[in-house]
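Heads up: the structure comes next, in structure tokens.
Each reported figure results from applying straightforward, stated rules to the coordinates on display, with no laboratory input. Everything numeric here is computed off the predicted structure, so don't read it as measured data. Cβ placement follows ideal geometry from the backbone for every residue including glycine, while neighbour counts extend to all protein chains displayed.
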Amino acid sequence: MTAFRAYRIHRAEDGSVRAGVESLTLGDLNPGEVVVRARYSGVNYKDALAGTGRGRILRRFPLVGGIDVAGRVESSTDTAFAPGDRVLITGCGLSETRDGGYADYVRVPADCVVPLPEGIDEYEAMAIGTAGFSAALAVMRLQDNHQHPDMGPILVTGATGGVGGFAVDLLAGLGYEVHALTGKPEAAAYLQALGAAQVLDRRELTLGDRPLESAQWGGAVDAVGGEILAWLTRSVRPYGNIAAVGLAAGTELQTTVLPFILRGVSLLGIHSVDCAPALRRAVWARLADDLKPRHLARMVAGTVGLEGLDEVFEQVLAGRIRGRMVVDLAS
Ligand SMILES: NC(=O)c1ccc[n+]([C@@H]2O[C@H](COP(=O)([O-])OP(=O)(O)OC[C@H]3O[C@@H](n4cnc5c(N)ncnc54)[C@H](OP(=O)(O)O)[C@@H]3O)[C@@H](O)[C@H]2O)c1
């Protein structure tokens with residue numbers, strides 16, 4: 001096979017990170033049973049942290065960036081896959097411990113590969129990406145832990161982001177009353193179009209400092225962490241669930257055991273990367289079926305080629321992008 005393009009991330013001796021498009025051959029990629037001719041990838045918050053070096057995402061260097069990819073199998077030494085099969089990969093160590101999806105070709109272990117379910121194509125899969133997968137995982141965990149629409153409104157934080165937007169869309173589609181918390185109140189119409197019944201301005205929140213605040217939320221999907229997650233633990237109603245997905249506002253969590261032992265509140269951890277293959281396939285099957293996002297086109301902010309990634313990463317980290325950027329590897 002001839003050389004192909006890849007957005008690769010390096011670390012210099014002084015610890016600084018530099019990344020850009022370069023020419024690789026298959027021999028440069030990590031080993032794996034399946035080679036995929038990549039068609040689309042996506043931009044997640046984590047991709048922006050990895051590509052700019054502003055978060056410690058890569059555990060070895062150099063690696064091709066991109067935690068998600070979809071395309072067609074080029075070759076496989078595992079009989080579960082044949083050339084031409086349409087597949088997707090999200091998480092699974094891509095751009096953390098192994099070469100990722102920002103390349104024309106990707107090589108991965110067969111365990112990481114999910115056959116593209118009926119009902120979605122490669123573009124839709126990457127418009128959904130890890131953000132939508134994580135939101136779906138959060139919704140499924142809420143349901144598994146008996147979250148019911150009658151328990152009251154679900155607050156989604158970081159609502160204009162990828163995870164947040166999908167959480168609003170999916171929960172509203174299932175009949176939950178969704179309230180969206182955002183730092184961009186000007187995006188209220190967008191959030192309402194996704195299904196939010198109410199939109200709250202993050203800057204107008206009064207977090208309080210009591211161990212238990214007035215219990216107003218039936219449950220929550222939290223993409224931001226920090227003080228907001230702590231406040232959620234104090235303000236969710238009895239037996240409500242909080243799915244903790246993200247850390248856009250911080251990694252600290254200052255709370256007490258009182259919400260857990262006096263209100264039966266559950267804090268559910270969402271970890272998309274090392275999800276077991278069977279669960280991974282089950283989540284994607286639902287994303288192609290009853291959890292298929294109803295407003296996917298509205299949530300796509302735009303497409304970008306490999307050369308435009310650096311600029312998009314800056315916008316993502318500055319919180320300026322509403323929704324999802326799809327990476328078009330044919331552009
Ligand atoms: N656990 C997992 O497996 C998993 C999977 C995917 C993502 N994540 C994490 O989930 C988070 C969201 O990911 P994403 O891809 O949706 O990112 P994203 O598209 O960049 O969205 C993040 C959103 O968080 C809000 N935000 C940004 N900075 C903030 C701050 N300082 N304080 C409060 N809110 C802030 C913004 O929404 P508003 O302006 O609307 O508030 C922003 O759009 C990230 O932390 C990511 O690392 C975790």
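Only four residue types carry charge here, +1 at the Cβ of Lys and Arg and -1 at the Cβ of Asp and Glu. Report the dipole size of the chain about the Cα centre in Debye, rounded to the nearest 20. Write down the numbers at each step before the final one.
Values: 32 positive and 38 negative charges, 76 e Å.
Computed about the Cα centre, the dipole is about 360 debye.
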Given unit charges at Cβ for Lys, Arg (+) and Asp, Glu (-), the dipole magnitude of the stretch 131-269 about its Cα centre in debye, nearest 20, is 140
Placing +1 on each Lys and Arg Cβ and -1 on each Asp and Glu Cβ in the chain, then taking the dipole about the Cα centre, the residue among G15, A172, S75 whose Cα reaches farthest towards the positive end is A172
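What does the charge count around G195 come to, taking other residues whose C-beta lies under 10 Å from its C-beta (Lys +1, Arg +1, Asp -1, Glu -1)?
Values: positive: R294; negative: D169, E177.
With Lys, Arg at +1 and Asp, Glu at -1, the net is -1.
Can you tell me the length gained on complete extension of the stretch Q143 to L212, counting 0.36 nm per residue apart and subtracting the Cα distance?
Values: separation 69, 0.36 × 69 = 24.84 nm, distance 2.43 nm.
Extra length available between Q143 and L212 comes to 22.4 nm.
Which whole-number percent is the relative contact order of the stretch 131-269 (Cα, under 8 Å, 6+ apart)?
Numbers: 311 pairs, mean separation 32.3, N = 139.
Worked out over the stretch 131-269, it gives 23 percent.
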GNM on the chain, Cα springs under 10 Å; top mean-square fluctuation among T182, T79, T251 goes to T79
The answer for trypsin sites (Lys or Arg not before Pro) in the stretch 49-131 that fall in a DSSP coil and have at most 14 neighbouring Cβ atoms within 10 Å is R54, R56, R59, R60
For the pair E177 and F61, the simple spin-label estimate (label points 7 Å beyond Cα toward Cβ) gives in nm 5.1
Expressed as a whole-number percentage, the relative contact order of the chain with C-alpha contacts under 8 angstrom and at least six residues apart is 18
The helix 122-144 Cα axis meets the longest alpha-carbon principal axis of the chain at an angle in degrees, between 0 and 90 and rounded to 10, of 40
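Given the stretch 131-269, report the % of alpha carbon pairs whose separation exceeds 26 Å.
Details: 1138 of 9591 pairs.
I get 12 percent for the Cα pairs in the stretch 131-269 exceeding 26 Å.
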Over all Cα pairs of the stretch 85-174, the Kirkwood radius sets Rh, and Rg/Rh then becomes 1.03
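Using per-residue counts of other Cβ atoms within 10 Å, averaged over each peptide, order 226-234, 27-35, 122-130 from highest down.
Details: 226-234: 21.8, 27-35: 16.9, 122-130: 26.0.
Top of the packing list down: 122-130, 226-234, 27-35.
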In debye to the nearest 20, the charge dipole size for the stretch 1-43, taken about the Cα centre with +1 at each Lys and Arg Cβ and -1 at each Asp and Glu Cβ, equals 240
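Cα gyration tensor of the chain, axes a ≥ b ≥ c as square roots of the eigenvalues: rounded (a/c below 1.5), prolate (a/b > b/c) or oblate? Intermediate results must be reported in sequence, preceding the final value.
Values: a/c = 1.96, a/b = 1.66, b/c = 1.18.
Prolate.
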Over the chain, cysteine residues that find no other Cys C-beta under 4.7 Å are C275
Which of A159, A196, A301 fluctuates most in a GNM of the chain (C-alpha springs under 10 Å)? That residue is A301
Inter-part gap, Cα centre of the stretch 231-308 to Cα centre of the stretch 39-98, in whole angstrom, is 21
Taking the dipole of the chain about the Cα centre (Lys, Arg +1; Asp, Glu -1; charges at Cβ), the one of V304, I321, A3 that reaches farthest to the positive side is I321
